[in-house]
Amino acid sequence: MRQRGRHRRRRRGRALRAFLSGTALALTATATVISASQATVTHDGPGDLKPLTSASEVAGLRLTENMVPQASLDRLAAGMGRPVGVGAVLDGADRTLRDAVDCSPAERRALPVSPTATRAYCWNTDDTAGWRPGAVTTSGDADDDGVWGSNRVILSGWSRSGGAAADRGLARVGFVDAADLGHLSYTWALLAVPVDGGRDYRGLVSHVSGMVWYQDKLLVTADDGDRSALYVYDMNRVQRTTVAADAVGRVPGGWSAHGYGFVLPAVGSYELSGGSGAPRPSTVSLDRSTAPDSLVAGEWTLDDGDRGARLWRYPFSTASGHAGLLAAGPNGRVTASEAYTTKVTGVHGVLSWDARWYVTRGAGPHDEHGTLWRQSPDGERGADGGPGAAVCGAADRHDCWSTQTESLSYWAATGEVWAQSGRALFALPLASIDRMSQ
């Protein structure tokens, strides 16, 4: 029985790869419109990254670490029950992602044209309607062997875009069991922030456009209306809810998280230290090719604006008792170790690996697809060369990437980059991006 099942999976895998290749060819034929703003970048190219040299701008990238008092976390756990870990959440995975062959034509149009996805899935429409997709991170970020305990996991961020006004902006994470890539199951957990000394919690209000799972911490971008730039969650401190209500927080009879069975209360945050012009990180990713490992960040800029984005990185801490957190000084300040500017506008996602930076630009209002540019700092080009982007179509255009990729996550153990666009979750080898870049 196991042998026949393995053969069926192999045949389905070959069929899926053939299907994805055919989908890419079809998308190439339809990717025919390019906006004026996209054309400017396409023809000229963004060139190399330029170091950020202004002392005031570099100082504006500083963050201040603020951890939730342990007493508050203990009080919340005493009220809700003993926290659980990732394995307990995956045990509750009761939904299944659809393979690419079962995605609709509209969903498949969100996939890249070139290079093509080698794995693709679609989220269910019934539990994503009214929600906006955001960042992706994986157990490949959490640990360099790609496994968290005995689990291979993908985390997918979403924010509430519809429903009652009180629910707008609520943030949740899909915990995806990726042990069998031919059958991805998942469940949801709400992101929250403790209040009143741990006697209650509120929902995090953020688009979750950036998210990195490093060691036992999950760092999530924040647009919560305050100075917070990143919220920090402990993957060993997931709380079970006791009431399946739409409300968030303490309710008559127990604890609720917008109907979900799990909630992650924040254990800390990083606040912006600079003035009003300080950039807020809108996309983040992990770079394990640096020493120490680092958090890569990029700001959001207008698609048709006259200014490119700032890209920078923070080192992770190597201090005892500071696992998964950024390297903060005695005053709690976190300083950027590198900072650059790119000519790319409308930046959505950023990834850095081995002196190469990969920057995605979303599709404009008249574009079929976005662009993924490869750049390097001046004089630091990697083995695969300097600036470039994938080419597609007879006109050698660069609008080949997915429509709205918020973030990129590199799973070093497998060599794959994971991302999502619309209801499509997909992966492709980083090597294929470098091969296609011109």
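The values are calculated or read from the model by the stated rules, or taken from the named source; none is laboratory data. These figures come from a predicted structure and were not determined experimentally. Here the Cβ positions follow ideal geometry from the backbone for every residue, glycine too, while neighbour counts run over all protein chains shown. Protein only, heavy atoms only, side chains kept; ligands, DNA and RNA dropped before computing areas. Shrake-Rupley method; radii C 1.70, N 1.55, O 1.52, S 1.80 Å.
Quick check: with the 1.4 Å probe, what order do R361, R160 take by accessible area, largest first?
R160, R361
Could you pull out every residue, at least 5 positions away or on a different chain, whose amide H is within less than 5 Å of the one on S409? Hs are placed 1.01 Å off N in the peptide plane, and Pro or chain starts have none.
For S409, whose amide H was placed from the backbone, the distant partners under 5 Å are W418.
What figure, in Å² to the nearest 10, do you get for the accessible area of D196 with a 1.4 Å probe and non-protein molecules left out?
Accessible area, nearest 10 Å²: 100 Å².
How much accessible surface area, in Å² rounded to 10, belongs to the heavy atoms of M67 with a 1.4 Å probe?
Accessible surface of M67 is approximately 80 Å².
From largest accessible area down, sort K50, K217, K343; use a 1.4 Å probe on the protein chains. Please report the intermediate quantities before stating the final value.
On the way: K50 95, K217 25, K343 140 Å².
Greatest to least solvent exposure: K343, K50, K217.
If you count, for each residue, the other Cβ atoms within 10 Å and average over each peptide, how do 127-135, 52-60 line up from highest to lowest?
Listed from highest to lowest mean packing, they are 127-135, 52-60.
Using a cut-off of 14 Å between beta-carbons, work out the net charge of the residues near G162 (Lys and Arg +1, Asp and Glu -1, G162 not included).
Cβ neighbours under 14 Å give a net charge of 0.
Run the 1.4 Å probe and let me know the accessible area of W401, rounded to the nearest 10 Å².
The accessible area comes out at roughly 0 Å².
Starting with the highest mean, order 181-189, 369-377, 102-110, 424-432 by the number of other Cβ atoms within 10 Å, averaged over the residues of each peptide.
Result, highest mean first: 369-377, 424-432, 181-189, 102-110.
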